[in-house]
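Every read-out reported here was derived from the displayed coordinates using simple, explicitly stated rules and does not represent laboratory data. No experiment lies behind these values; they were computed from the predicted model shown. Neighbour counts run over all protein chains shown; Cβ positions are idealised from the backbone, glycine included.
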Amino acid sequence: MTTGKPIPAGTADVMIKDYFDYMTKLGVDMKKQTQSVSFTGSAVMEWLAGVMPKADELRVFMGLYPEGHAQAGRTTVILWPYKDGNPVTDPIEGKGGGGNRTNPYNDGSGNP
């Protein structure tokens, strides 16, 4: 099976509707639940340009904002660059090798 390719817009429409219906059947009030997360094109492209040369894949994780956050309890997505199956690390100046994990991206707006 091929993965990581564009899909027809109609297929995406069906997938989104099916997810909405699935969550509703589980008892989730989708009027109060995040259905999509928006990023400005220029901001996410700038971040991607800086991290993807060090990565061989971009994983998109589902997440939940923690207590105390302005969006507490809402779901979101986290964009995390990976290399060889692990989060990308930034090299340690002058020492080579992996340092701290590269920070993932999440500065979007949840909809609704």
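Compared with the dominant principal axis of the Cα atoms in the chain, helix 9-25 is inclined by about 70°.
Note on the stretch 1-66: Kirkwood hydrodynamic radius from all Cα pairs is 15.0 Å, rounded to one decimal.
Against the chain, whose longest principal axis comes from its Cα atoms, helix 41-51 is set at around 40 degrees.
So if R0 is 25 Å, what FRET efficiency would VAL60 and THR24 give, r being the distance between their Cβ atoms, rounded to the nearest 0.05? Efficiency computed from Cβ-Cβ geometry: 0.65. In this simple spin-label approximation, SER109 and ILE16 carry label points 7 Å from Cα along the Cα→Cβ vector, and these lie 1.6 nm apart. For Cα Rg over 2.2 N^0.38 Å, the choices are [x] 1.38; [y] 1.02; [z] 1.29; which was calculated from the structure? Of the listed options [x] 1.38; [y] 1.02; [z] 1.29, [z] comes from this structure.
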